[in-house]
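Reading through the structure tokens given below for one structure.
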Amino acid sequence: MPFVVVYDACVLYPAPLRDLLVRLGLTGLVQAKWTEQILEECFRSIAQQRPDLTPQKLERSRRLLSEAIPDCQVKGYEALAVSVARLRESLGI
């Protein structure tokens, strides 16, 4: 059974690392996951740091990333994230 791994925005950019992680996900050794929020952050950073890339190219990359790994999108996590944030706040971390 593969490990479930959440790929955060900081590892989905730069492109060579994103490529490596997608290829790793395709092997079945890990079950790669990310959220729409993670993709927003990732591609916002790419757009800011790479003004030479057109919005069309970025959208194509984003679409191909999501199509590369079946069942990659995590949904319905928002309530859990709020609960974890409150717990961290109450613990002072």
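Just so you know, all these numbers are worked out from the coordinates, no wet-lab data involved. Keep in mind it's a predicted model, so treat the numbers as computed, not measured. Cβ sites come from the backbone with ideal geometry, for glycine too, and all protein chains shown count toward neighbours.
Test of understanding: among Glu59, Glu67, which residue is in a helix (DSSP H, G or I) and over 22 Å from Val6 (Cβ atoms)?
On the way: Glu67 fails: over 22 Å from Val6 (Cβ atoms).
Going through Glu59, Glu67 in turn, just one is in a helix (DSSP H, G or I) and over 22 Å from Val6 (Cβ atoms): Glu59.
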Legend entry - Among (1) among the small types (Gly, Ala, Ser); (2) part of a helix (DSSP H, G or I); (3) touching a residue at least 12 places away in the same chain (Cβ under 8 Å) - the single one Ala32 does not satisfy: (2)
Legend entry - Filter result for Leu20 (closer than 13 Å to Leu65 by Cα and either assigned to a strand (DSSP E or B) or free of Cβ contacts under 8 Å to residues at least 40 places away in the same chain (or both)): yes
Inset, instruction - Kindly indicate which of Val6, Val11 is within 22 Å of Glu78 (Cβ to Cβ), surrounded by 13 or more Cβ atoms within 10 Å (Cβ to Cβ), touching a residue at least 60 places away in the same chain (Cβ under 8 Å) and of a type in the set (A, V, I, L, M, F, W, C). - result: Val6
Legend entry - Only listed residue being in contact with a Gly (Cβ under 9 Å, 6 or more places away or on another chain) and of a type in the set (Gly, Ala, Ser), chosen from Ala32, Ala15: Ala32
